[in-house]
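In what follows, a structure is listed as structure tokens, so that the remarks can point back to it.
Please treat every number below as a calculation from the coordinates, not as lab data. Bear in mind the structure is a predicted one, so any value in this text is a computation, not a measurement. Every residue, glycine among them, receives a Cβ derived from its backbone with ideal geometry; neighbour counts consider all protein chains shown.
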Amino acid sequence: MKPAKYNGGYMGRWLHVDLSTGTLREIPLDPEMAYQFVGGSGLGARLLGEFLTPPPDPYAPEAPLIFMTGPFVGTPIPAAGRYSVVARSPLTGLVGEANSGGFWGPELRFAGYDGIFITGQADPWVVLVIDNGHARLVEMPHIGGMDTYRVQAYLREKLGLPKARIATIGPAGERRVRYAAIMNDHGRAAARTGLGAVMGSKGLKAIVVHGNAKVPIAHPESFRDILRRTMRFVIDDLYTQMLRLGGTILYTEVGAMYGDVPGRYYTEGDVEPWVQNVSAPALTDLYLLKHVPCYRCPIACGREIRLPEYDEPHVDGPEYETAVGFSFMIGADNLADAAYAGHLCNRYGLDTISTSAVVAFAFYLYNEGILKPNDVDGLDLSWGNSRAAIQLVEKIARREGIGDVLAEGVKRAAETLGVPELAVHVKGLEVPYHDPRAFSGMALVYATAPRGADHMSGDMYHVDTGREVPELGITAGDRWEISEEKARVTARVMDYRAFTNSVILCHFEDVTAQGLVALLNAVTGWDWTVEDVAQAGERIYTLKRLLNYRLGMTREDDQLPKMLQRPLTRGHSAGYVPDIDTLLTLYYRVRGWDENTGFPLPETLKRLGLEAWAPNQEQRRTST
């Protein structure tokens, strides 16, 4: 690819906010940088990289917190209403990123900006307000302690901006729970890697955005034609129809058929006896009020439900990860309790995956006799006691008692409790609820994803059940295969997701690769090919790996936790454990990485234009 100016797809500027001095200034968007790293988590990582030598502590005032959109965000493209947050993670110490849907991302662009770059530290609490290109900081110390729902309603009324969109932290972010989330549009979350804690460390409670600008389209006439075809594809696609009907929780039934849904802290492979009570039909029949879409999304996989058991008339319904984490993972099948635990995570601003995984870890230790009632503040953490899980969520958000230990994340909590070998994490990030013993490709994804165990870096469980992108060489195979081809397809999937997380496009809207390229060219005025998309994804993915090496990551960190290298005795994945060492050797080979160090070879860096980003030995030494 040759650098080119964009004619559309970008607002052309981002906002730099120094909270220590109260200074706000506009920075022009570098068109060459946008061309190489696109937007979203890709462009965010590129900007972050300039501030990682030497790397600051994640909570240091000079450590940046970056909000970034992509060229699709705020356009009529379906399922493109997202934004990314990038910073050094307080949970992993590596490049942290989180991604959220809803309406906040598009509204930031309507307010006039592609992104926000935040440094410094204010006296708690301040609110950043951006209204039609005019930005200001408002001191509001009295909103400290407010939950995320209350903050959103309060700021709209207080600021006189009833149509504004608000991204905020809750009490968990204020107390620097290491997996605190940033919440927007009621219960949408930029959840993973603890960037809500970074926002809290800066004394920034919320960012309010509102505007009437339009995202420029380079070729509006051809765009309209391509958009019509895209909408037809999305509406007619069987997978999106299923999501529209059942939401993401429908995967409890599908995943159980593959042994992909873990139970009892990853030790139980047969969850089918519980599935009928925690499923899409159960949620629809017992609790559903309405479907909730993101900006211009025809899928509407979100759910608004009622919970009469808790006297809650309007609650954000649990998606798949939340439902499984607060039910099967603790040996329970109570959907109402799981939904309420997720509701509390939204209110307090917590990542539901990390929170439920840490809670399940405490349950596991209790049932193994490692933790006694006195160790967990007198709670009964017997398998199935979902009400006790709800109490743990409260304690974590407040950092009370055992909650203060668990608020550090499973890696640190296990070290404190003297059982580090029992913690299920990769690079410090808790493992989502797609079991790598069900799909060998997921073992590779978890081991090598930039932010740690991350199903959003590569959905091989989707690919090997039939969701293919043949133009990019992404085709289904044997789910337990150990081969160079499996490694190659996994690498292609991860590159593809690095790209879609940068344009930004929801993973649930998989248009054809040709359709994706046509949309990109119509929006930006570029002249990309499918091969350009693949290379851009590889460049973005590789840059994040280079930054992680600069932050102290080594080849030894590319690994699965010991608990996930034990075979299950029951379920549809019983007896199988992926040979992760062989898979990694094959993966490094197809990536063009050194097979001993996992570091990209010089010719690979040259091909991707990343030679200047390779950390030297001194940088690696000082980062640890």
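Once the convex hull of the alpha carbons of the stretch 13-210 is built, what does its volume come to per residue, in cubic angstrom?
Cα-based convex hull of the stretch 13-210, divided per residue, equals 102 Å³.
Hey, what did the chain get for relative contact order, percent, Cα under 8 Å, at least 6 apart?
Worked out over the chain, it gives 16 percent.
With both bridge residues required to lie in the stretch 13-210, what share of the DSSP beta bridges run antiparallel, to the nearest 5%?
Details: 34 of 45 bridges.
Around 75 percent of the beta bridges assigned by DSSP in the stretch 13-210 are antiparallel ones.
Mind checking which lysines have their C-alpha under 21 Å from residue 411, skipping anything on the same chain fewer than 8 residues away?
372, 395, 427, 562
When we measure straight from the Cα of residue 205, which lysines land under 17 angstrom away, once same-chain ones fewer than 8 places off are left out?
158
Restricting to the chain, what percent of DSSP beta bridges are antiparallel, rounded to 5? Numbers along the way, then the final one.
Values: 47 of 58 bridges.
Just about 80 percent of them are antiparallel.
Give the separation of the Cα centroids, the stretch 188-203 to the stretch 91-109, in Å.
9
State, to one decimal in nm², a quarter of the convex hull surface area for the C-alpha atoms of the stretch 193-252, i.e. the direction-averaged projected area. The partial results should precede the final answer.
Values: hull surface 32.7 nm².
Averaged projected hull area, Cα only: 8.2 nm².
Calculate for the chain the 222 nm mean residue ellipticity that helices alone would give, adding -39,500 (n - 2.57) per DSSP H run of length 4 or more and normalising by residue count, nearest 500 deg cm²/dmol.
-11500 deg cm²/dmol
Using Cα positions and a limit of under 25 Å, work out the lysines in reach of residue 214, with same-chain residues fewer than 8 apart set aside.
5, 163
Work out, in µm²/s and without decimals, the Stokes-Einstein translational diffusion coefficient of the stretch 248-426 at 25 °C, 0.890 mPa s, Rh from Kirkwood over C-alpha pairs.
Result for D is 149 µm²/s.
Please give the contour-minus-distance gain from residue 163 to residue 507: 0.36 nm per residue of separation, less the Cα-Cα distance, rounded to one decimal in nm.
Additional length available on full extension: 121.1 nm.
In nanometres, what is the gap between the two model label sites at residue 594 and residue 139, each 7 Å from Cα along Cα-to-Cβ?
For residue 594 paired with residue 139, the spin-label model returns 5.2 nm.
Enter the Cα centre distance for the pair the stretch 280-316 and the stretch 509-570, rounded to the nearest angstrom.
Value for the Cα centre distance between the two parts: 31 Å.
Considering all projection directions equally, how large on average is the shadow of the alpha-carbon convex hull of the stretch 501-588, in square nanometres?
Across all orientations, the stretch 501-588 yields a mean hull projection of 8.8 nm².
Given 0.36 nm per residue, what is the gain on full extension from residue 614 to residue 276 after removing their alpha carbon distance, in nm?
Numbers: separation 338, 0.36 × 338 = 121.68 nm, distance 5.04 nm.
So the chain would gain 116.6 nm between residue 614 and residue 276.
So what is Rg over Rh here for the chain, counting just Cα atoms and using Kirkwood for Rh? Working shown, then result.
Details: Rg = 22.5 Å, Rh = 24.1 Å.
For the chain, the value is 0.93.
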